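The values are calculated or read from the model by the stated rules, or taken from the named source; none is laboratory data. Just so it is clear, the model here is predicted, and its values are computed rather than measured. Quick reminder, even Gly has a Cβ in these numbers, built from the backbone with ideal geometry, and neighbours come from all protein chains shown.
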Amino acid sequence: MSLLARLQSKSQEAEAQEKAVQDLQPEITEALVLPPMEENPAPVSVPEPSTEYIELKNLIFKYILKERKDEEIDEIVHDLDSIISEILNENEGLSSVKDWQNLKEEIKNDLTGYGPINPLLLDESVSEVMVNGPKQVYAERNGKLELTNIKFRDNDHVMAVLEKIVAPLGRRIDESSPMVDARLQDGSRVNAIIPPLALGGPTITIRKFSKDPFTIHDLVRFGTLTEEMAAFIKACVEAKLNIFVSGGTGSGKTTTLNVLSSFISNKDRIVTIEDAAELQLGQDHVVSLETRPANIEGNGAIAIRDLVKNSLRMRPDRIVIGEVRSGEALDMLQAMNTGHDGSLATGHSNSPRDMVARLETMVLMAGMELPIKAIRDQIAGALDVIIQQSRLKDGTRRITNITEVQGLEGDVIVLQDIFTFQQSGVDENGKIIGKLVPTGIRPKFYDRMVNQGIHLPASIFSEKEV
């Protein structure tokens with residue numbers, strides 16, 4: 001074929017391809033059209049306080065700081081009515097302020113509590129408080145986030161509340177140390193991060209805990225698990241099985257760990273290890289250990305791994321680790337494999353299989369050059385049960401898997417679900433309907449339970465449908 005003929009042929013092919021593309025253009029265009037974006041809900045409209053209101057409030061604080069700084073706070077709160085009246089008499093231009101009750105409540109919260117968020121901390125229906133800068137405060141109720149009408153004056157107001165939280169704990173937060181983890185006196189966990197790291201202003205996250213720790217009956221009532229499952233995990237703890245609770249952030253791992261710990265015998269010596277002490281154990285013989293951050297010079301930090309190593313010298317019957325997230329996984333597995341049966345711990349993961357994979361990664365973070373086969377041997381020999389907890393789309397927290405770690409076959413850790421969550425539908429309110437049901441398989445450690453005098457009816461493991 002001549003050069004001219006080849007060029008003409010290529011030109012015809014190009015024209016045919018272009019025509020084909022043009023014919024398909026409507027379909028391509030339709031396929032590329034993105035679905036309309038969901039509009040964000042409009043933020044709750046909150047009326048700004050008047051200039052007179054703010055001025056009156058500032059005058060009250062100046063008066064308290066100048067005239068009554070040496071008095072007890074309770075006395076000042078008791079005299080708030082007379083203080084406000086006195087200041088109004090001296091400043092007639094502020095007499096238009098009528099919302100005394102709200103003003104008194106704000107001043108009282110600033111004096112005795114944690115400022116504007118104090119009502120949320122006192123509200124038992126609120127499980128978490130999130131301050132995203134001075135003008136946006138969210139609260140979690142029943143697993144759902146909602147924007148509140150609470151606002152701070154400015155960044156300095158948020159920082160003043162933060163100082164009130166961390167100062168009694170001997171902690172500091174400033175530009176040189178812009179992040180802090182702490183806890184309130186009631187055990188609620190606080191995380192704070194400030195500018196320049198937080199671009200929208202000082203950000204505070206407070207995870208509250210019930211004054212009275214939840215019991216297994218509460219979890220059954222909440223629908224987290226069934227009565228049969230409650231009897232099973234109670235038997236697992238009493239049989240001194242090593243149990244790992246896994247799940248995502250806010251799924252209720254610590255609550256479940258606390259309930260599991262309540263089944264430990266009062267005769268056992270229990271050592272708990274946490275970043276921020278949250279566990280509320282009722283036994284007599286409990287030693288609670290808590291990590292320590294570095295000082296101003298960057299020295300003196302005590303990590304969970306250091307505490308795990310130390311706990312092995314404390315003659316523990318049970319070791320309870322609040323959260324495993326790094327190289328301490330290796331020390332935990334070694335402890336479980338060297339006679340410290342009945343240990344409990346939690347970690348972040350989306351499924352039992354993911355938890356095993358994460359444990360492998362965390363062991364490698366210890367800095368030991370271990371072959372993967374040796375790591376899996378450690379995991380398979382140490383863990384007996386993985387309890388997977390999840391927060392579902394409707395905000396409820398459910399145990400979705402109770403899984404047995406059966407051992408190692410070749411290079412694979414064998415996991416077997418004993419109970420799984422089966423969803424049967426969604427009701428008219430959007431609440432997920434379902435139940436944790438047995439898979440019909442009896443765990444290999446059942447005989448170990450029986451040998452220790454712990455008897456469970458075989459019907460617990462019988463396969464059922466929701």
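Assorted remarks:
Yes/no matrix, rows are residues, columns are (1) within 23 Å of Pro196 (Cα to Cα); (2) among the acidic types (Asp, Glu); (3) without any contact (Cβ under 8 Å) to a residue 60 or more places away in the chain:
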| position | (1), (2), (3) |
| --- | --- |
| Gly113 | no, no, yes |
| Pro119 | no, no, yes |
| Met130 | yes, no, no |
| Leu145 | no, no, yes |
| Thr148 | no, no, no |
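- Of all residues making up the stretch 31-66, the number that are in a helix (DSSP H, G or I), in contact with a helix residue (DSSP H, G or I) (Cβ under 9 Å, 6 or more places away or on another chain) and modelled with pLDDT under 70: 2
- Selection count where residues are over 13 Å from Pro116 (Cβ atoms), of a type in the set (A, V, I, L, M) and surrounded by fewer than 19 Cβ atoms within 10 Å (Cβ to Cβ), scope the stretch 146-165: 1
- Single match in Met314, Met368 (criterion: touching a Leu at 6+ places or on another chain (Cβ under 7 Å) and over 30 Å from Arg391 (Cα atoms)): Met368
Yes/no per residue for (1) closer than 22 Å to Gln406 by Cβ; (2) at pLDDT 95 or above; (3) surrounded by fewer than 16 Cβ atoms within 10 Å (Cβ to Cβ); (4) not assigned by TED's automatic domain parsing to the domain that holds Asp174:
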{"position": "Asp306", "(1), (2), (3), (4)": "no, no, no, yes"}
{"position": "Asn310", "(1), (2), (3), (4)": "no, no, yes, yes"}
{"position": "Pro316", "(1), (2), (3), (4)": "no, no, no, yes"}
{"position": "Ile319", "(1), (2), (3), (4)": "no, no, no, yes"}
{"position": "Ala329", "(1), (2), (3), (4)": "yes, no, no, yes"}
{"position": "Thr338", "(1), (2), (3), (4)": "yes, no, yes, yes"}
{"position": "Gly342", "(1), (2), (3), (4)": "yes, no, no, yes"}
{"position": "Asn350", "(1), (2), (3), (4)": "yes, no, yes, yes"}
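- Positions within the stretch 187-212 being of a type outside the set (A, V, I, L, M, F, W, C) and buried (at least 18 other Cβ atoms within 10 Å of the Cβ), in sequence order: Ser188, Arg189, Gly201, Pro202, Thr203, Arg207, Lys208
- All positions within the stretch 372-402 that are closer than 17 Å to Pro443 by Cα and of a type in the set (A, V, I, L, M, F, W, C): Ala380, Ala382, Leu383, Val385, Ile386, Ile387, Ile402
- Filter pass, Phe461 being among the aromatic types (Phe, Trp, Tyr), in contact with a Ser or Thr (Cβ under 9 Å, 6 or more places away or on another chain) and over 21 Å from Phe263 (Cβ atoms): no
- Taking the criterion of being β-branched (Val, Ile, Thr) and touching a residue at least 12 places away in the same chain (Cβ under 8 Å), the residues of the stretch 301-321 that qualify are Ile304, Val308, Ile319, Val320, Ile321.
- Single residue of the stretch 295-327 satisfying the filter (under 25 Å from the mean Cα position of the chain (by Cα) and assigned to a loop (DSSP other than H, G, I, E, B)) that is farthest from Leu359 (Cα to Cα): Ala301
- Close contacts from the stretch 240-258, counting a first residue that is farther than 26 Å from Asn337 by Cα and a second that is in a strand (DSSP E or B) and of a type in the set (D, E, K, R), with Cβ to Cβ under 6 Å and a gap of 6+ residues or different chains, come to Gly250/Arg391; Ser251/Arg391; Ser251/Arg397; Gly252/Arg397.
- Residue in the stretch 123-130 that is modelled with pLDDT under 75 and either surrounded by 16 or more Cβ atoms within 10 Å (Cβ to Cβ) or closer than 16 Å to Ile165 by Cα (or both) present: no
- For the stretch 166-186, filtered to residues that are of a type in the set (D, E, K, R) and surrounded by fewer than 19 Cβ atoms within 10 Å (Cβ to Cβ), the residue that is nearest to Thr205 (Cα to Cα) is Asp181.
- Answer residue from the stretch 347-400, given it is hydrophobic (A, V, I, L, M, F, W, C), under 18 Å from the mean Cα position of the chain (by Cα) and part of a strand (DSSP E or B) and is farthest from Ser127 (Cα to Cα) among those: Ile387
- Scanning the stretch 416-433 for residues that are charged (D, E, K, R) and more than 23 Å from Thr403 (Cβ to Cβ) returns Asp427, Glu428, Lys431.
- Restricting the first member to the stretch 453-464 and to residues that are under 13 Å from Ile418 (Cα atoms), and the second to residues that are among the aliphatic types (A, V, I, L, M) and assigned to a helix (DSSP H, G or I), the beta-carbon pairs closer than 8 Å and six or more apart or on different chains are Ile460/Ala231.
- Residue count for the stretch 417-466, restricted to those that are β-branched (Val, Ile, Thr), assigned to a loop (DSSP other than H, G, I, E, B) and surrounded by 13 or more Cβ atoms within 10 Å (Cβ to Cβ): 3
- Selected residue [part of a helix (DSSP H, G or I) and either under 30 Å from Ser176 (Cβ atoms) or modelled with pLDDT of 90 or more (or both)] from Leu289, Leu257: Leu257
- Selection within the stretch 386-408 - crowded, with 22+ Cβ neighbours inside 10 Å and aliphatic (A, V, I, L, M): Ile386, Ile387, Ile399, Ile402, Val405
- Selection status of Gly282, in contact with a Pro (Cβ under 8 Å, 6 or more places away or on another chain) and in a loop (DSSP other than H, G, I, E, B): yes
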